[in-house]
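Q: Dropping a structure here in C-alpha cells format, bear with me for questions.
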Amino acid sequence: VLGLAIAQPGPLALSAGLQSGGVSGLLTFLLTANISLAIFNMIPAFPMDGGRVFRAVLGLFLDYPQATRLAVAVGRVLAVGLGLVGIFTGQFFLALIALFIFTASGQEGQAVAARGLLRNVRAGQALARNTVTLSSDTTVGQAASMATRGSGPEIAVLDPHNRQFLGVVSRGDVAKAVRQDRWYTPMTEIMQPAGIVPRVTPNTTLAEVYDQLTEGSIQVAAVYDGPFFRGLISLDDIGRAFQLLSQRGSASQRPAWETSS
C-alpha cells in the first residue's frame, strides 16, 4: 500500500493500463507497483527494512544503541522531507505516510532505549516485597478479601504444606468467581497451573523477562532460585522498574534495589 501511494498508480492507472494494454498493461502495472514497493521499503527509516539495514551497517562502527539513535535521526529527517514534498505537491496521503514514519522511528528509538535500561536490572532485584500469596485450599470468598492487598495483577497459589508454587490466579478471575456466587470454590479450580507460567531465575535480566512475557499469553513469570520459588514478576513490575530507571538521572531517589544493596 505504501509503495503504491509513492508511485501513485491508483485504481485509475490500473483501469487505464488494462484498457490500453490488456494483460501486458496489467503486468506492467504490477511490475511498477512491486518495484515501487521494494524501493520504498529500502528507505533508511524505521519501520521499513531499509531502516534496519541502515542500523546494521552503522552497527559495524557504533554500538547498538548509538546506531539506533543515528538511524532514528536520519529516518526522521527523511520523514520530514517526505512530508514537505507531500504537502507542497498536494499529495496528502504521502504526508500521512511521512507522519507514520516519523512516529514509528521515535517508537523504535524508545524501545531500544528501554531495553538498554532493562538489561541493567535482574528479576531478583525487581521482585515486589511482601507480595500476597494464596493457599491452594483458599476459597473464592476468602481470596476476595485478600485480593485487595498488593498491586500485582496475578497472585501466586502455593501448596499449604511445602510452599511449592502451584499456579497463579488473577484478581479479575477472583472477581468473576464472586459474581458467579462461587464463594466456596478453591483456588485450584480457577487458577492457571504453574506449567504454563514462564520460569526465570533471579539473574535473568528484565529485558529477557519482558521478551518472554510479550511472546506468551500470560503476563507474569515465576522467579525460581534453583528449586525454590521466590515470587512473581509481571509486566506491571517491569513498567515500574523502567519508570524508576528513567527518573534516576533527574531525581534524587534511587531505585530500591540500589539502596538495599
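All of the numbers you see were taken from the coordinates with simple rules; none came from a lab. Please read all numbers here as calculations on a predicted model, not as lab measurements. Virtual Cβ from ideal backbone geometry, glycine too; neighbours counted across all protein chains shown.
Q: Can you find, among Leu206, Asn120, Pro160, the residue farthest towards the positive end of the dipole of the stretch 99-221? Put +1 on the C-beta of Lys and Arg, -1 on that of Asp and Glu.
A: The residue sitting most towards the positive pole is Asn120.
Q: A further question follows. Pop out the ³J(HN,Hα) list for the stretch 208-224 in order, Karplus 6.51 cos²θ - 1.76 cosθ + 1.60 with θ = phi - 60°, rounded to Hz; leave Gly and Pro as x.
A: 5, 4, 4, 4, 5, 6, 6, 7, x, 9, 10, 9, 8, 10, 9, 9, 10
Q: Another one. Whole-Hz ³J(HN,Hα) for each residue in the stretch 108-116, computed from phi via Karplus 6.51 cos²θ - 1.76 cosθ + 1.60 with θ = phi - 60°, x for glycine and proline: what do you get?
A: Once rounded to whole Hz, the list reads 5, x, 5, 5, 5, 4, 5, 5, x.
Q: Sorted by average packing, counted as other Cβ atoms within 10 angstrom per residue and highest first, what order do 241-247, 137-143 take?
A: 137-143, 241-247
Q: Another question, if that's okay. What ranking do 211-221, 196-206 get when scored by the average of other Cβ atoms within 10 Å per residue, highest first?
A: Answer by packing, highest mean first, reads 196-206, 211-221.
Q: What number, in percent, do you get for the relative contact order of the stretch 45-198 if the mean sequence gap of Cα pairs under 8 Å and at least 6 apart is divided by its residue count?
A: With pairs under 8 Å counted, the relative contact order is 17 percent.
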